[in-house]
Amino acid sequence: MRPSRRLVLAAVFLAPACGPATDHPGTGVRDYATLSEFLSVCAKNGTLPGVDVSTYQGSIDWGAVAGAGIRWAYAKATESTDWQDPTFHGNWSGMQAHGIARGAYHFFHPGVSGKAQADYYLAFVGSLSGSLPPMLDWEVTDNVSGGTAAANARAFIAEIAAKTGRQTVIYTSPGLWDGFGAGDFGSDPLWVADWTYCTSGCCPIMPSGWGDWVYWQWSDKGTISGIPATVDLDVFNGDLASLQGLSDRPPEGWLDSVACDTIAGWAYDPDTPGSAISVDIYYGGPAGSGAPGVRWTANVYRADLCSAIGSCDHGFVTLTPRALLDDAAHSIYPYAIDSSGNGDNPILSGAPKTLQCAPDETGVRRHVVDPASLSAWGFSALMDIRPVSDAALAAWADAGPWPEKPQLVQGVGDAAIWMVDGPFRRNVKDPESMGYWHFASGQVVQEPLAQVTAMPQGPDLRERPMLVRGASGEVDVLDDPLPVLDAGTPGVGDADAGGSAADAGEVADAGSSSGSAGSSGASSGSSGGSVGSSGASSGSSGGSGSSSGASSGSSGGSGSSSGASSGSSGGSGSSSGGGAGTGAYGAERGADAGIAGGVGASGVEMGTGAGEDAGTGETVDVRGGGCGTAPGSRAPSILVLLAVAALVRRRR
């Protein structure tokens, strides 16, 4: 592959396989026709013509080479750790420009550190995305032992794999290999050098350890239009599709649309057309700019892709982040992620696009009582929460606190899933909505159907969370108003200062069992201590049940005045599995911290949101033994306790 060396080496280790060869004393060339251990292997499914070139071929017209029928080529890049081919980059770009599948090779010196040679090669070549596999050109012994040579070759191969994920092709010949004793490399792809000077009826001889070949160099004296000097002629063992399968081609796709509700497009990797790939979308700037981003999976069926790219399930439709709905212009940058994990991750065609959306929100506001509650719900600063002024926040009617943590129930034998909101059950519309709300199936508690249907029904849960954050830091969920259970008695958030101590204790019992601060309408005032103690005796597992007796009832935020110190929170309840944050968006983190894979319609945020968006809050089993539950006992179910709460309200 480098003629100045090849002219000498040809007499040393290359002999034609067409007709018997003769021994040449002192050269190491053996009579292949008389040695049964040498194996001639022919192509099984046709071949494709190619060439390998270096600086010795001079300035090459790659357009003419392509016109001559050459489908692939390798160019020399480096040798040892101290030589770079001056024509490489011109050859590299010329091959790509004219549609020739391209590869880069390194002339290997067995006496030099293999790892250092690999690093030298990679630093000079740059990205190997879309190229044929790296090739190690093994033509010399450097007068080292076979063991030393093998160790350095394996180090080269390992470093290439570690840095690129690619497998290295070994170029060598039977004459060199079988007299050297470098060991068995038969599991590595082979480029065999065997100059038969014919391909019709001729097949290459295999070096020991290999039973097949990927490339065969059959001549060193070829002439090709566009190449001013004689050139090595090669063939690939297979068809064009097989050749393309060796290339780590970059993924591709298109950003179709950005709208105020969704962002849509498609992406796929031609190297793995049957598998979905990830799409990283950055909001407000390109990757690396510090803009927040989310990883999505392109796995949605699109009929238009079936014929266009030969595979259908590569679309994506994502929610538009609520943080961007501020009537300002935001650029959207989506990137297709190479399936190998080592290739280029190009921006999708049609991108970036600009999003500009005015807010359009209705409803009442229900405040999230504290950061722990925000975490328990898995709400995301990017996807779910829009910053607003305090004046804008005050314009929405205050409807009391939002439940401290999600509680989901399902009647036995019924498909419907309900969110418990004080005494009400609210329908979760569909699996997509489950994901948008960061709910997991493990959070759903089975209850007798009659108990579920006995609960008063509130409005359906909105399709996705809609939250706002004031300049002062208050975070509210925008919600539909809950119905009134009876005259003048709202369903949630009416914790007044009246009621007896006994009433307060009963209400706290229900409130702490549901884990919703203030949502059960707990009374407070002088009976705050009894509220806390009754919460503890119920053995509830709500993380801060004692705060359901907040003095004003409007927030349930502190709860300390209502007996929180009595230990009514029952904080040792067991998890019901699959915490919040495993649904639509997952964990949010720094924009350049590295991106983990998402599944299905889910996304993993890479944004710069606050710590409350970690999305790792545990779901507490409302039936599990809390701190106040005696061994062997069972705390009352959510539905029973909520029914008690409703009766107490009616008595008041």
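The values are calculated or read from the model by the stated rules, or taken from the named source; none is laboratory data. None of these values were measured; they are calculated from a predicted model. Note: ideal-geometry Cβ built from the backbone for every residue, glycine included; neighbour counts use all protein chains shown. Ligands, DNA and RNA are stripped out before the accessible areas are found, and what is left, the full protein with its side chains, is counted by its heavy atoms. Shrake-Rupley method; radii C 1.70, N 1.55, O 1.52, S 1.80 Å.
Some observations on this one:
- Total charge dipole magnitude, segment 229-383, about the Cα centre, Cβ charges on Lys, Arg, Asp, Glu only, Debye to nearest 20: 640 debye
- Heavy-atom accessible surface of HIS109, to the nearest 10 Å², is about 30 Å², with a 1.4 Å probe and all protein chains retained.
- Prolate/oblate/rounded label for segment 282-345 (Cα gyration tensor, a/c 1.5): oblate
- Using 0.36 nm per residue and subtracting the Cα-Cα separation, the extra length available between SER145 and SER311 on full extension is 54.7 nm.
- Ignoring lysines fewer than eight residues from LYS76 along the same chain, the ones with Cα atoms less than 19 angstrom from its Cα are LYS115, LYS221.
- Gain upon complete extension [ALA161, ALA68; 0.36 nm per residue less C-alpha separation]: 30.1 nm
- Counting protein heavy atoms only, segment 186-273 has 54 percent of its accessible area on carbon and sulfur, 1.4 angstrom probe.
- A 1.4 Å probe run over the protein chains yields, for segment 301-416, 38 Å² of accessible area per residue, whole-number rounding.
- Segment 41-85: trypsin sites (Lys or Arg not before Pro) in DSSP coil with no more than 10 other Cβ atoms inside 10 Å: LYS44
- Based on Cα contacts under 8 Å between residues 6+ apart, segment 166-213 shows a relative contact order of 44 percent.
- Nearby lysines by direct alpha-carbon distance to LYS405 (threshold 21 angstrom, same-chain neighbours under 8 apart not counted): LYS429
- Computed from label points 7 Å out along Cα-Cβ, the spacing between LYS221 and ALA303 is 6.2 nm.
- Where labels lie 7 Å past Cα in the beta-carbon direction, separation of ALA450 and ASP390 in nm: 5.3 nm
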